[in-house]
Amino acid sequence: MAIAEKLKKPTRQTVVQLATFVLAVLFLIIGNRVGMGNRASVFGTAQEAPLLRARVIEILREEKSNYSMDGADDSLTLTTVDFEARVTAGKLRGKTIVCQQQIDSMMALAQP
């Protein structure tokens, strides 16, 4: 008798709640994909930027600037580095490219 009571049919309210939950999750996933377009998201990326293997030839410019989040002091640093590199693999192998890298002390603090 106890097993029969546990296996009773779900009520209409339970079915409606479950259907609402499933639809909400689907709308969130589909909405995220549509809204993010080609940008990266927690669900992956539609179009990934190509990665190049290269060797730095020369540092062209290095610029440091200080900034703050609260306006009280310039405690954070943004370093911008322009450099020239020679591609060592792939379709662009042997080509020289000019690149820019930004190193933000705020992002460095946020890394695990």
Checklist entry - Just the C-alpha atoms of the range 51-103: what Rg/Rh do they give, with Rh taken as the Kirkwood radius? => result 1.21
Checklist outcome for this item: Sorted list, accessible surface of protein heavy atoms, 1.4 Å probe, largest first, for 86, 12 is 12, 86
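The values are calculated or read from the model by the stated rules, or taken from the named source; none is laboratory data. The model shown is predicted, which means the values in this text are computed figures rather than measured ones. What goes into the accessible areas is simple: the full protein's heavy atoms, side chains included, and nothing from ligands, DNA or RNA. Shrake-Rupley method; radii C 1.70, N 1.55, O 1.52, S 1.80 Å.
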